[in-house]
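S.K.: Can you read through this structure? Questions will come right after.
The values are calculated or read from the model by the stated rules, or taken from the named source; none is laboratory data. Just so we're clear, the structure is a prediction, and the values are computed from it rather than from any experiment. All Cβ positions, glycine included, derive from the backbone under ideal geometry; neighbour counts span all protein chains shown. Each accessible area value is taken on the protein alone, full model and side chains, heavy atoms only, with ligands, DNA and RNA left out. Shrake-Rupley method; radii C 1.70, N 1.55, O 1.52, S 1.80 Å.
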Amino acid sequence: MSEETLALEVRNIVKRFPGVLANDHVNFTLRKGEVHALLGENGAGKTTLMNIIYGLYHPDEGEIYINGQKVTIDSPHDAIRLGIGMVHQHFMLVPVFTVAENLILGAEPTKGWTLDLKAAREAVIRLSEQYGLEVDPDAVVEDLPVGVQQRVEILKALYRDAKVLVLDEPTAVLTPQEVEELFVIMRQLKERGVSIIFITHKLKEVLAIADRITVMRRGRVVGTTTPSEVTEQDLATMMVGREVVLQVDKAPAKPGDVVLSVQDLEVEDERGLIAVDGVSLEVREGEILGVAGVQGNGQTELVEAITGLREIRSGKVVLGGHEAPDRNPRYLIEHGMAHIPEDRQKHGLVLSYPIADNLVLCTYYKPPFAKGLQRNEEAIEENAKRLVKEYDVRTPSIFTPARSLSGGNQQKVIVAREFSRPVKLLVANQPTRGLDVGSIEYIHKRIVEMRDQGAAVLLVSAELDEILSLADRIAVMYRGKIVAVVDADKVTRAQLGLLMAGSPAEDVLDKEAVPA
Amino acid sequence: MSTPASFANWKLFWKRWGIGLSIAAVVLAVIFYFYARSPRVTEAVLASTLRQSVPLVLGALCGLLGERAAVINIGIEGQMLMAAYVGFMVNVRTGNLLFAVLMGVLTGAVLGALLAFMSVTLKIDQIIGGTVINILAIGLTGYFYQVGLSAQGKLNPIPLGPLAKIPLIGPVLFDNPPITYASIVLVFVVHYVLFHTPWGLRTRAVGEHPRAADTLGINVYLVRYVNVIVGGALAGLAGAYLSLEAVGSFERNMTNGRGFVALAVMIFGKWTPFGAWGAALLFGFATAMQTQLQFAGKLHIPHQFIGMLPYLLTIVVLAGFVGRARPPAADGIPYEKEG
């Protein structure tokens with residue numbers, strides 16, 4: 001150990017939850033002015049450790065040192081006083097407040113008894129100039145894009161004079177461009193002496209920004225290293241504890257007949273604005289069509305229209321050669337559609353239902369799961385036992401409510417349910433968002449298997465890596481339109497990035513890559 | 001300030017206050033028209049409007065203090081009723097009106113504390129917690145109610161010197177009993193506290209996103225307790241108004257649903273004190289008109305139909321003029337701390 005004082009050090013932290021050892025004698029050091037990445041799968045104990053540092057949890061054992069001084073942190077209040085700021089994964093901003101109001105909440109400047117909102121506004125302006133984080137102090141937070149909301153969170157910490165900044169999965173909600181901007185901000189903060197703990201499970205990002213990397217697995221620190229010493233593959237292995245296949249193995253596609261055909265589709269969003277603006281596309285048997293695009297360019301509405309969850313304004317969706325007479329989800333499901341929805345908790349599962357019931361959500365009304373008007377418990381349980389085993393869902397029992405599973409296991413329940421029916425068309429929207437490397441690997445493998453069995457797959461993802469490794473053809477969506485459809489092996493990451501940002505296809509792509 | 005900026009400010013000003021100002025202008029025009037035709041009746045109707053609005057506005061302030069901190073108080077009715085009873089009994093026993101009012105307020109605050117304990121600490125469903133208070137109040141006051149008790153007096157109007165002599169405005173605004181004055185002052189006080197003090201900012205944060213408030217070191221439970229107790233005190237004042245200022249005695253179930261109307265007033269006023277005040281005045285006006293019309297007896301309409309007026313007006317206004325109101329995001333949801 002060197003002689004320099006550390007911005008933060010934790011020694012032998014132990015935290016137990018009922019049935020789980022979330023932190024098992026964890027040691028972690030943060031040098032002044034470094035970006036230290038804390039890497040690990042979901043449930044590895046990263047967030048628990050950070051919540052202990054921020055005073056939200058109390059450790060069962062262990063010590064925390066700040067600038068070499070031993071401290072106890074009983075509440076966020078203590079943490080703030082000690083110069084620790086945290087940007088939570090789910091933003092802790094009051095949506096209806098302005099930026100200035102959010103900034104001062106809990107540490108309000110006053111004139112007599114009255115809130116000094118002018119001082120708050122000035123503080124926003126001063127801090128944003130000082131750190132190059134541009135925000136309008138009077139903007140209402142809910143109207144701001146996610147990337148800007150995150151800036152507000154960082155400003156909140158800086159306003160409280162944070163010297164140690166914890167960023168909990170900050171890139172999970174950001175577009176690729178916003179991630180780049182965040183990295184610029186992080187570098188600026190570093191130069192000004194702020195030490196940053198960067199929690200993530202994205203390997204590329206760690207290698208791009210971190211000075212040091214600590215990997216956690218199952219509540220323990222596996223090791224600490226630097227980006228120059230390791231590769232992505234090494235980190236993945238450390239995280240998961242075994243060799244992980246980062247690149248999906250797949251044979252060339254053998255496209256057959258057209259399964260899904262979308263013609264001149266127009267769809268409105270909640271506010272009645274055109275979200276899908278004249279989209280036409282085709283997906284064939286045995287191929288994966290990836291829809292790439294920055295979030296919020298109409299992908300959600302496109303998927304909802306195809307799956308019968310949203311009204312179509314004009315245009316046609318043709319499934320299996322004929323237009324569905326009745327565009328309700330049950331009709332579509334019975335005709336071979338499977339859907340992995342974007343928000344697994346809202347649209348994929350009934351969180352309070354046991355896993356067994358969640359596994360028959362599409363088929364409960366048919367034999368063998370229904371006997372006349374009654375449920376056939378035996379068949380439902382047997383189905384659940386079989387699928388849990390087949391899809392490797394890690395759960396204490398098939399009667400556990402879906403709510404208590406981890407994100408990865410919840411997604412496996414959805415995949416198990418959707419794939420256990422005969423599938424002609426699979427619509428997968430952000431199928432691996434927020435999942436750890438192990439689960440991503442598993443779900444990717446299953447999707448490719450589905451394709452190889454002859455299903456047509458429409459894959460929507462904001463993760464370029466996912467699109468590039470899975471899709472056979474790629475459609476880029478920008479402002480509600482498909483701006484280009486290209487073969488996956490004829491396009492580069494950089495080209496896709498430009499297309500997603502709105503550059504015209506003719507400028508970006510070589511002539512021969514653009515199909516007629 | 002440069003011209004475009006001030007123009008933008010003006011637009012912002014209009015967006016924020018335009019509707020309110022237009023309504024106020026129309027209301028004033030109508031008032032002056034009628035005042036020119038029959039000053040006595042107009043004065044009577046307006047004064048009655050203000051007095052009818054007192055328990056509603058106090059009840060609505062109680063409701064919105066709670067809901068701004070995410071505690072739904074459906075027990076306002078019970079808090080008012082119990083306070084009306086306790087205030088009246090204290091007056092009967094001691095003859096000290098001020099003390100009686102204070103005891104009424106205290107009763108409301110104690111019931112507020114009970115609601116806070118049930119909904120914040122025990123995390124019982126808040127609708128059930130409030131209903132418990134309502135049933136408790138109806139049961140207790142009904143059981144202990146004695147026929148024929150009479151008190152020595154009630155709170156009388158205090159004319160505010162020369163102000164009370166101004167035509168129309170004087171008799172309506174500046175010649176009222178104390179709780180009526182207090183209710184007007186409290187509208188401003190609650191507005192100030194809610195929107196211009198750190199406490200108000202924290203209260204609203206707790207009502208919208210309690211976890212965010214918690215991560216900033218704000219004690220969510222404390223904020224909720226204080227708001228619900230202070231709200232209870234206001235409901236208590238409304239109860240004291242009924243038995244010590246408006247009527248001067250206590251009757252079974254004398255609140256007669258005002259606690260629930262106050263909740264409607266609160267929603268109608270979009271969870272803001274001034275909005276609630278406006279809504280309460282509208283309800284008060286409808287009630288005053290109904291009484292006036294029945295007195296006058298000029299209209300050849302069955303009195304039952306005239307009696308519907310306040311409710312009809314409510315429906316029309318709620319359906320026609322008020323946009324979709326948005327309650328605090330965490331309204332009614334108990335807060336669980338992590339870890």
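S.K.: Ratio of Rg to Rh for region A:276-428, alpha carbon only, Kirkwood? Please list the in-between numbers first.
M.R.: On the way: Rg = 16.5 Å, Rh = 16.8 Å.
Ratio of gyration radius to Kirkwood radius: 0.99.
S.K.: Next question. Positive end of the charge dipole of chain A (Lys, Arg +1 and Asp, Glu -1 on Cβ, about the Cα centre): tell me which of A:Thr231, A:Leu302, A:Val279 has its Cα farthest that way.
M.R.: Projecting each Cα onto the dipole axis, the largest value belongs to A:Thr231.
S.K.: Summing Lys, Arg as +1 and Asp, Glu as -1, what charge do residues with Cβ under 14 Å from the Cβ of A:Glu377 carry, A:Glu377 excluded? It would help to have the intermediate numbers written out before the result.
M.R.: Working: positive: A:Lys371, A:Arg375, A:Lys385; negative: A:Asp357, A:Glu378, A:Glu381, A:Glu382.
Here the count lands on -1.
S.K.: Quick check on chain B: helices-only [θ] at 222 nm, where DSSP H runs of length 4 and up contribute -39,500 (n - 2.57) each and the sum goes over total residues. Nearest 500, please. Don't jump to the answer; show the numbers that get you there.
M.R.: Numbers: 14 runs with 237 residues, N = 339.
Theoretical 222 nm ellipticity from helices: -23500 deg cm²/dmol.
S.K.: Over all residues in B:212-223, what is the mean tally of Cβ atoms on other chains that come within 10 Å of each residue's Cβ?
M.R.: On the way: counts 13, 5, 6, 14, 11, 12, 5, 2, 0, 0, 0, 0.
Partner-chain Cβ atoms within 10 Å, mean over residues of B:212-223: 6.
S.K.: How much accessible area does A:Leu158 have with a 1.4 Å probe, in Å² rounded to the nearest 10?
M.R.: Number for this one is 10 Å².
S.K.: For a quick check of your reading of the filter: which chymotrypsin sites (Phe, Trp or Tyr not before Pro) in region A:311-368 sit in a DSSP loop and have no more than 14 other Cβ atoms within 10 Å? Present the calculation step by step, with values, prior to reporting the outcome.
M.R.: Details: sites: A:Tyr331, A:Tyr364, A:Tyr365; in loops: A:Tyr364, A:Tyr365.
For chymotrypsin sites (Phe, Trp or Tyr not before Pro) across region A:311-368 that sit outside H, G, I, E and B with at most 14 neighbouring Cβ atoms in 10 Å, the list reads A:Tyr364, A:Tyr365.
S.K.: OK, next. If you take the beta carbon distance between B:Trp14 and A:Val71 as r and set R0 to 45 Å, what does 1/(1 + (r/R0)^6) give as a FRET efficiency, to the nearest 0.05? List each step's numbers first, then the result.
M.R.: On the way: r = 53 Å, r/R0 = 1.17.
Taking R0 as 45 Å, the efficiency between B:Trp14 and A:Val71 is 0.30.
S.K.: How big is the Kirkwood radius of region B:59-198, worked out from every pair of different alpha carbons and given in Å to one decimal? Walk me through the numbers on the way to the answer.
M.R.: Working: mean 1/r = 0.0588 Å⁻¹.
Final number for the Kirkwood radius of region B:59-198 is 17.0 Å.
S.K.: Quick one: of A:Lys346/A:Lys389; A:Lys118/B:Lys123; A:Lys70/A:Lys346, which pairs are farther than 32 Å apart, Cα to Cα?
M.R.: On the way: A:Lys346/A:Lys389 25 Å; A:Lys118/B:Lys123 38 Å; A:Lys70/A:Lys346 43 Å.
A:Lys118/B:Lys123; A:Lys70/A:Lys346, as the Cα separations exceed 32 Å there.
S.K.: Counting other Cβ atoms within 10 Å, which trypsin sites (Lys or Arg not before Pro) in region A:440-492 have at most 14 and lie in a DSSP loop? Before the final figure, lay out each step's value.
M.R.: Details: sites: A:Lys445, A:Arg446, A:Arg451, A:Arg473, A:Arg479, A:Lys481, A:Lys490; in loops: A:Arg479.
Loop-located and lightly packed - A:Arg479.
S.K.: Assuming 1.306 mPa s and 10 °C, estimate D for region A:152-212 with Stokes-Einstein, Rh taken as the Kirkwood radius over Cα pairs, in µm²/s.
M.R.: Numbers: Rh = 12.0 Å.
Translational diffusion coefficient: 133 µm²/s.
S.K.: Then there's this: Averaged across A:93-102, how many Cβ atoms of other chains sit within 10 Å of each residue's Cβ atom?
M.R.: Details: counts 4, 11, 4, 8, 6, 0, 0, 0, 3, 5.
Mean partner shielding for this stretch: 4.
S.K.: For the ranges B:279-290, B:223-234, what's the packing order if you count other beta-carbon atoms within 10 Å of each residue, average per peptide, and put the highest first?
M.R.: Output ranking for B:279-290, B:223-234: B:223-234, B:279-290.
S.K.: Can I ask one more? Checking a compactness column here: for region A:8-240, what do you get for Rg(Cα) / (2.2 N^0.38 Å), N being the number of residues? Could you put the intermediate results ahead of the total?
M.R.: Details: Rg = 17.7 Å, N = 233, 2.2 N^0.38 = 17.5 Å.
Output field value: 1.02.
S.K.: Here's something else I'd like to know. How much accessible area does A:Lys366 have with a 1.4 Å probe, in Å² rounded to the nearest 10?
M.R.: Around 80 Å² of this residue is reachable by solvent.
S.K.: Can I ask one more? Report the normalised scattering of region A:193-239 as log10 I(q)/I(0) at q = 0.26 Å⁻¹, calculated by the Debye formula with identical scatterers on the alpha carbons.
M.R.: -1.03
S.K.: Follow-up. Enter the Cα centre distance for the pair region B:43-108 and region B:219-289, rounded to the nearest angstrom.
M.R.: Result: 6 Å between the Cα centres.
S.K.: Say the cut-off is 31 Å between C-alpha atoms; which of A:Lys111/B:Lys270; A:Lys190/A:Lys490; A:Lys163/A:Lys202; A:Lys445/B:Lys337 go over it?
M.R.: On the way: A:Lys111/B:Lys270 28 Å; A:Lys190/A:Lys490 39 Å; A:Lys163/A:Lys202 25 Å; A:Lys445/B:Lys337 39 Å.
From A:Lys111/B:Lys270; A:Lys190/A:Lys490; A:Lys163/A:Lys202; A:Lys445/B:Lys337, over 31 Å: A:Lys190/A:Lys490; A:Lys445/B:Lys337.
S.K.: For region A:8-240, give me the percentage of DSSP beta bridges that are antiparallel, rounded to the nearest 5 percent. Mind showing how you got there, number by number?
M.R.: Numbers: 23 of 42 bridges.
Looking only at bridges with both residues in region A:8-240, the antiparallel portion is about 55 percent.
S.K.: Among all the aspartates and glutamates, which ones have a C-alpha under 20 Å from A:Lys424's C-alpha, if same-chain residues fewer than 8 places away are not counted?
M.R.: Excluding near neighbours in sequence, the set is A:Asp257, A:Glu282, A:Glu285, A:Glu287, A:Glu304, A:Glu323, A:Asp326, A:Glu334, A:Glu342, A:Glu449, A:Asp452, A:Asp472.
S.K.: Let me ask something else. What does region A:348-421 give for Rg and for Dmax, in Å, if only its C-alpha atoms count?
M.R.: For region A:348-421, the Cα-based Rg and Dmax read 11.3, 35 Å.
S.K.: Just from its helices, what would the mean residue ellipticity at 222 nm be for chain A, if runs of 4 or more DSSP H residues each count -39500 (n - 2.57) and the sum is divided by every residue, rounded to the nearest 500 deg cm²/dmol? List each step's numbers first, then the result.
M.R.: Values: 17 runs with 161 residues, N = 516.
Value at 222 nm, helices only: -9000 deg cm²/dmol.
S.K.: Here is a follow-up. Give me the inter-chain shielding for A:108-119: mean count of other chain Cβ atoms within 10 Å, whole number please. Please list the in-between numbers first.
M.R.: Numbers: counts 6, 1, 3, 0, 1, 6, 4, 7, 2, 2, 0, 0.
Mean partner shielding for this stretch: 3.
S.K.: Something else about it: Rank these by accessible area, largest first, 1.4 Å probe: A:Phe419, B:Phe295, B:Phe99. Present the calculation step by step, with values, prior to reporting the outcome.
M.R.: Working: A:Phe419 20, B:Phe295 160, B:Phe99 90 Å².
If we order A:Phe419, B:Phe295, B:Phe99 from most to least accessible, we get B:Phe295, B:Phe99, A:Phe419.
S.K.: Tell me the Kirkwood radius of chain B: reciprocal of the mean inverse pair distance over distinct alpha-carbon atoms, in Å.
M.R.: Working: mean 1/r = 0.0474 Å⁻¹.
Radius from the Kirkwood sum: 21.1 Å.
S.K.: Mind listing P(r) for region B:229-315? All alpha-carbon pairs, 5 Å bins, whole percents.
M.R.: 3, 12, 18, 22, 20, 14, 8, 2, 1, 0
S.K.: Below 10 angstrom from the Cβ of B:Gly231, what's the summed charge of the other residues (Lys, Arg +1; Asp, Glu -1)? If you can, show how the numbers build up before the last one.
M.R.: Numbers: positive: B:Arg68; negative: B:Glu67.
Charge balance in the 10 Å sphere: 0.
S.K.: Dipole of region B:37-141, Cα-centred, from +1 at each Lys and Arg C-beta and -1 at each Asp and Glu C-beta, to the nearest 20 debye? Intermediate results must be reported in sequence, preceding the final value.
M.R.: Details: 6 positive and 4 negative charges, 57 e Å.
That gives region B:37-141 a dipole magnitude of about 280 debye.
S.K.: Report, to two decimal places, the Cα Rg of the protein assembly as shown normalised by 2.2 N^0.38 Å (N = number of residues). Show your work: numbers first, answer last.
M.R.: Values: Rg = 32.4 Å, N = 855, 2.2 N^0.38 = 28.6 Å.
Its radius of gyration relative to the 2.2 N^0.38 Å reference: 1.13.
S.K.: Among the trypsin sites (Lys or Arg not before Pro) within region A:151-241, which fall in a DSSP loop and have no more than 13 other Cβ atoms within 10 Å of their own Cβ?
M.R.: Working: sites: A:Arg151, A:Lys156, A:Arg160, A:Lys163, A:Arg187, A:Lys190, A:Arg192, A:Lys202, A:Lys204, A:Arg212, A:Arg217, A:Arg218, A:Arg220; in loops: A:Arg160, A:Lys163, A:Arg192, A:Lys202, A:Arg218.
Taking region A:151-241 and a limit of 13 other Cβ atoms within 10 Å, the loop trypsin sites (Lys or Arg not before Pro) found are A:Arg192.
S.K.: I've got another one for you. Ordering A:Ser503, A:Ser469 by how much accessible area each has at a 1.4 Å probe, largest first, what is the list? Working shown, then result.
M.R.: Working: A:Ser503 35, A:Ser469 15 Å².
Sorted descending by solvent-accessible area, the residues read A:Ser503, A:Ser469.
S.K.: Here is a further query. Count the DSSP beta bridges whose two residues both fall in chain A, then state the antiparallel fraction as a percent rounded to the nearest 5. Write down the numbers at each step before the final one.
M.R.: Details: 47 of 84 bridges.
Close to 55 percent.
S.K.: Related question: Please state, to two decimals, what the Cα-based radius of gyration of region B:1-123 comes to when divided by 2.2 N^0.38 Å (N = residues). The partial results should precede the final answer.
M.R.: Values: Rg = 21.8 Å, N = 123, 2.2 N^0.38 = 13.7 Å.
Taking N as the residue count of region B:1-123, the ratio is 1.59.
S.K.: To continue, here is another question. Using a 1.4 Å probe on the protein heavy atoms only, what accessible surface does A:Met50 show? Give it in Å² to the nearest 10.
M.R.: My reading of the accessible area for A:Met50 is about 0 Å².
S.K.: Less than 14 Å Cβ to Cβ from A:Val267, Lys/Arg counted +1 and Asp/Glu -1: what total charge do the surrounding residues give?
M.R.: Working: positive: A:Arg271, A:Arg310, A:Arg313, A:Lys316, A:Arg327, A:Arg479, A:Lys481; negative: A:Asp264, A:Glu266, A:Glu268, A:Asp269, A:Glu270, A:Asp277, A:Glu301, A:Glu304, A:Glu311.
Here the charged neighbours net out to -2.
S.K.: Using the Cα atoms of region B:133-245, I'd like the radius of gyration and the largest Cα-Cα distance, Dmax, both in angstrom.
M.R.: Considering region B:133-245 through its Cα atoms, Rg and Dmax are 19.6, 56 Å.
S.K.: Could you please state, rounded to a whole Å, how far the C-alpha centre of region A:108-124 is from the C-alpha centre of region A:312-354?
M.R.: Each part reduced to its Cα centre gives a spacing of 51 Å.
S.K.: Now for a separate question. Which peptide among A:434-443, B:126-135, B:9-18 comes first, and what is the full order, when sorted by highest mean count of other Cβ atoms within 10 Å?
M.R.: Values: A:434-443: 20.9, B:126-135: 19.2, B:9-18: 10.7.
Order by mean packing, descending: A:434-443, B:126-135, B:9-18.
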